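Below is one structure, written out as structure tokens; comments come after it.
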Amino acid sequence: MTEKRPLYPIHPGEVLSGELEELDMTAAELARALHVPSNRIYQLVAGKRAMTADTALRLQQWLGVSAEFWMNLQKRYELEVATEQIGDEIKRTVVSRQLSGGISGPPHSG
């Protein structure tokens, strides 16, 4: 039987928390192994901090799971949260270029 994915966005810290449980390891122990402040791992596991490239590279070196895996989890989480929070508003207010016949509005000065 295939396990269904939860309907809520999964933060990379949730995945990392599962790894720590499987390894019977605390966030503080992982922080020491990665040579990072323990609050970084505690906040990450609690979903209060984003996965950074620095942490992803350290996890790749220590755990053997690619940095790309961790960064893709973060990217997917952020996109899912943004879709939930502002996706409908964007769909209502931003007209597709194909539907509008081109770019409209003031010139971009950026």
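A few comments on the model shown:
- Per-region count, segment 24-45, residues out of contact with any Gly (no Cβ under 9 Å at 6 or more places or on another chain) and under 16 Å from Trp70 (Cβ atoms): 7
- Of the residues examined, Glu89 is not one that is part of a helix (DSSP H, G or I) and within 21 Å of the chain's Cα centre (by Cα).
- Screening segment 1-33 for residues that are surrounded by 10 or more Cβ atoms within 10 Å (Cβ to Cβ) and in a loop (DSSP other than H, G, I, E, B) and picking the one that is modelled with the lowest pLDDT gives Tyr8.
- Top-ranked residue of segment 34-61 - restricted to ones that are surrounded by fewer than 17 Cβ atoms within 10 Å (Cβ to Cβ) and charged (D, E, K, R), ranked as nearest to Ala82 (Cα to Cα): Lys48
The values are calculated or read from the model by the stated rules, or taken from the named source; none is laboratory data. This one's a predicted model, so the numbers in the text were calculated from it and none came from an experiment. All Cβ positions, glycine included, derive from the backbone under ideal geometry; neighbour counts span all protein chains shown.
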